[in-house]
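A.B. asks: Mind having a look at this structure? Questions to follow.
Please treat every number below as a calculation from the coordinates, not as lab data. From a predicted model like this one, the values you see are computed outputs, not experimental measurements. Please note: Cβ atoms are built from the backbone with ideal geometry, for glycine as well, and neighbour counts cover all protein chains shown.
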Amino acid sequence: MDSRKLYNRIALLRRERSMSRKKLAEKIGVNFQTVGYLEREEYNPSLDLAFRVSEIFGLPLEYIFSTSPMKPMSQELFDLKK
């Protein structure tokens, strides 16, 4: 069975918090290169790793990860106002 591509907002969330890849990697217990692979969507995280990322940012999984391309944050906020 082929795995589906996962899209994510890790890079955006990390930059918003002025957090380096190395710092995020330390917090979630992986190599900093793994964070790069995740951000470039070259690697799908395990469920456990996805939960660790979610916990660090204090956001639900579906806000960070998606099986379809994610809308820009400005569009998400605009849609909330409707």
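A.B. asks: Determine the alpha carbon to alpha carbon distance for each of Lys23/Lys71; Lys22/Lys82; Lys23/Lys81; Lys22/Lys81 and list only those over 31 Å.
C.D. replies: Distance filter (> 31 Å) returns Lys22/Lys82; Lys23/Lys81; Lys22/Lys81.
A.B. asks: Which residues does the label zone of Glu16 cover in segment 42-71, counting backbone N under 15 Å from a point 7 Å along Cα→Cβ?
C.D. replies: 53-66, 70-71, by backbone N distance to the label point.
A.B. asks: Work out, step by step, the length gained on full extension between Leu61 and Gln75: first 0.36 nm times the residue separation, then minus their alpha carbon distance; give nm to one decimal.
C.D. replies: Values: separation 14, 0.36 × 14 = 5.04 nm, distance 1.88 nm.
Extending this stretch completely gives an extra 3.2 nm.
A.B. asks: Count the net charge of all other residues whose Cβ sits under 11 Å from the Cβ of Phe57, scoring Lys and Arg as +1 and Asp and Glu as -1.
C.D. replies: Local charge sum for Phe57: +3.
A.B. asks: Further, regarding this structure: Can you tell me the order of 6-12, 18-24 when each peptide is scored by its average per-residue count of other Cβ atoms within 10 angstrom, highest first? Before the final figure, lay out each step's value.
C.D. replies: Working: 6-12: 17.4, 18-24: 15.0.
Descending packing order for the listed peptides: 6-12, 18-24.
A.B. asks: Quick check for you: which residues of segment 35-68 have the amide N under 15 Å from the point 7 Å beyond the Cα of Ser3 toward its beta carbon?
C.D. replies: Label zone hits: 35-53, 65-67.
A.B. asks: Right, something else. Sum up the charges of everything whose Cβ sits under 13 Å from the Cβ of Glu76, counting Lys and Arg as +1 and Asp and Glu as -1, but leave Glu76 out.
C.D. replies: +2
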